[in-house]
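Laboratory data are not the source of any read-out in this text; all were calculated from the coordinates shown. In this text the structure is predicted, and so the values were computed from the model without any measurement. No Cβ is skipped: glycine too gets one built from the backbone with ideal geometry, and neighbour counts run over all protein chains shown.
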Amino acid sequence: MSKTFLVTGCAGFIGSNLVDYLLEKNYKIIGLDNLSTGNKFFLKNALKHKNFKFHKIDLLRNNIEKYFKNIDRVYHLAANADVRFGLNHRKKDINQNIIVTYKVLEAIKKNQVQKIIFSSTGSVYGESNQIPTKENTFFPIQTSLYGASKVSAEAIISAYSEAFNIKSYIFRFVSILGERYTHGHVFDFIKNLKKNNNMLKVLGDGNQKKSYLHIKDCIEAIEIAIKKFDKKVNILNLGTQEYLNVKGSIKIICKHLKLKPKILYSGGRRGWIGDSPFIYLDTKKIRSTGWRPKYNIKESVKITAKYLIDNQWLLKRKN
Ligand SMILES: NC(=O)c1ccc[n+]([C@@H]2O[C@H](COP(=O)([O-])OP(=O)(O)OC[C@H]3O[C@@H](n4cnc5c(N)ncnc54)[C@H](O)[C@@H]3O)[C@@H](O)[C@H]2O)c1
């Protein structure tokens, strides 16, 4: 009999791609989402599939335990995934990223689910002194509420794993790009260039260096890691062995749009409070499995730009 997995945040960018991937592998999927930033359109194919069941529920407000019955694995992706505006609505990160994770863990424990897969972030390293940053690096001071809330969630997950029979897989992603991408710098730049194609305002000095990973590579890495690592708590960085600065991204996007806007930098090494000037993760652990990304960063930026141009309705959304 095929296994049944539960995906929280199933209508989001990463969640909906994961659902499609798992359905293709013949698993049965229960998807939970409140559609706050997710979109049912991303589940268009999944909703037609006999192995997919969607429940529109709010993980914070609703009673969620009943959905976790007879589940073999939980992918917990639902979160407030927005880093930049964390300080404007401080309770959001605490509620959506910490309290919801606690609720998911309680539901897992009550229903004796044996595995949780958690989407954490490279932001947990704040402004690390170690580049590339290893999984076991000293944790510096947190620079964003988002990062702080993900560190807290990781800590709570590992404590549940140590205490109860729950194996955990914590993935610290760099920024993910690709089809159904709805938030981040490529989104903001294209949205702004569509409004005014003569000028682009950029936060920071444009020299911020970041690593990116294509969504398909991200999902493959997750699935390989679950098969290859078997500790109670498994923590892995996911990223490519390259990085690109913001100016480099702008060049690719403008070339793709055939635009030559005037670029106005707000200045400073950071675009906003909590923006890390350099994110580049050490990925030896995931690479030890033989996994290699199929897309390089420049291709990923191009694919994402093309996707957004082909799906301009996404640029008009409020969230
Ligand atoms: N996209 C990235 O670059 C990136 C990088 C690192 C980590 N992550 C993490 O990966 C996960 C998925 O990110 P994403 O980019 O797909 O974001 P997303 O906003 O597209 O997806 C999050 C989904 O969770 C749902 N959701 C939020 N709160 C909910 C609640 N209370 N109840 C039910 N559903 C709720 C949203 O509607 C949305 O569909 C998040 O945990 C995020 O922090 C993403």
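Just a few scattered comments:
- Note on the range 168-261: Cα-only Rg and Dmax are 16.5, 53 Å.
- Stokes-Einstein diffusion coefficient of the chain, Kirkwood radius over Cα pairs, 37 °C, 0.692 mPa s, in µm²/s: 164 µm²/s
- All-pairs alpha carbon distance profile, the range 188-315, 10 Å steps from 0, percent: 12, 35, 32, 16, 5, 0
- Estimated FRET transfer efficiency when R0 is 45 angstrom, pair Lys294-Lys201 (beta carbons, to 0.05): 0.85
- Extension gain (nm, one decimal) between His55 and Lys109, 0.36 nm per residue minus Cα-Cα: 17.4 nm
- Since only Asn237, Tyr265, Ile252 are under comparison, the one whose Cα sits farthest along the positive direction of the charge dipole of the range 202-265, derived from C-beta charges on Lys, Arg, Asp and Glu, is Tyr265.
- Projected onto its three principal axes, the C-alpha set of the range 39-128 covers 44, 32, 27 Å, listed from the longest axis down.
- Debye, to nearest 20: dipole size of the range 1-88, +1 on Lys, Arg Cβ, -1 on Asp, Glu Cβ: 320 debye
- Taking every C-alpha pair closer than 8 Å and separated by at least 6 residues, the mean separation divided by the residue count of the range 35-105 gives a relative contact order of 35 percent.
- About its Cα centre, the chain has a charge dipole of approximately 840 debye under the convention of +1 per Lys or Arg Cβ and -1 per Asp or Glu Cβ, with nothing else charged.
- A crude spin-label estimate for the pair Asn95 and Phe138, with each label 7 Å from Cα along the Cβ direction, gives 3.7 nm.
- Proximal lysines to Lys209, defined as alpha-carbon separation beneath 18 angstrom and excluding residues fewer than eight positions away on the same chain: Lys134, Lys201, Lys247, Lys251, Lys298, Lys302
- Estimated from helices alone, the mean residue ellipticity of the chain at 222 nm is -9500 deg cm²/dmol (sum of -39500 (n - 2.57) over DSSP H runs with n ≥ 4, per residue).
- Size-normalised alpha-carbon gyration radius of the range 143-201, reference 2.2 N^0.38 Å: 1.75
- Sequence-distant residues sharing a close amide H with Ile64 (under 5 Å, placed H): none
- 18 Å Cα-Cα threshold exceeded, pairs from Lys25/Lys167; Lys3/Lys232; Lys195/Lys260; Lys44/Lys92: Lys25/Lys167; Lys3/Lys232; Lys44/Lys92
- Percent of C-alpha pairs per 10 Å bin in the range 205-248, short distances first: 24, 39, 24, 11, 1.
- The range 20-86 - Debye-derived log10 I(q)/I(0), Cα point model, q = 0.12, 0.27 Å⁻¹: -0.35, -1.42
- Fewest-first ordering of Phe13, Phe139, Phe68 by other beta carbons within 10 Å of each residue's beta carbon gives Phe139, Phe68, Phe13.
- Distant-in-sequence amide H partners of Phe173 (H built 1.01 Å from N, under 5 Å): Ser120, Thr121, Gly122, Leu238
- Distance between modelled label sites at Asn63 and Leu264, nm, 7 Å Cα→Cβ extension: 5.5 nm
- Paired Rg and Dmax values of the range 93-246, which use every Cα atom, in angstrom: 17.4, 57
- Alpha-carbon Debye profile of the range 1-45, log10 I(q)/I(0) at 0.15, 0.22, 0.23, 0.27 Å⁻¹: -0.32, -0.65, -0.70, -0.91
- Using 0.36 nm per residue and subtracting the Cα-Cα separation, the extra length available between Arg317 and Asn70 on full extension is 85.3 nm.
- Ranking of Trp291, Trp313, Trp272 by count of other Cβ atoms within 10 Å, fewest first: Trp313, Trp272, Trp291
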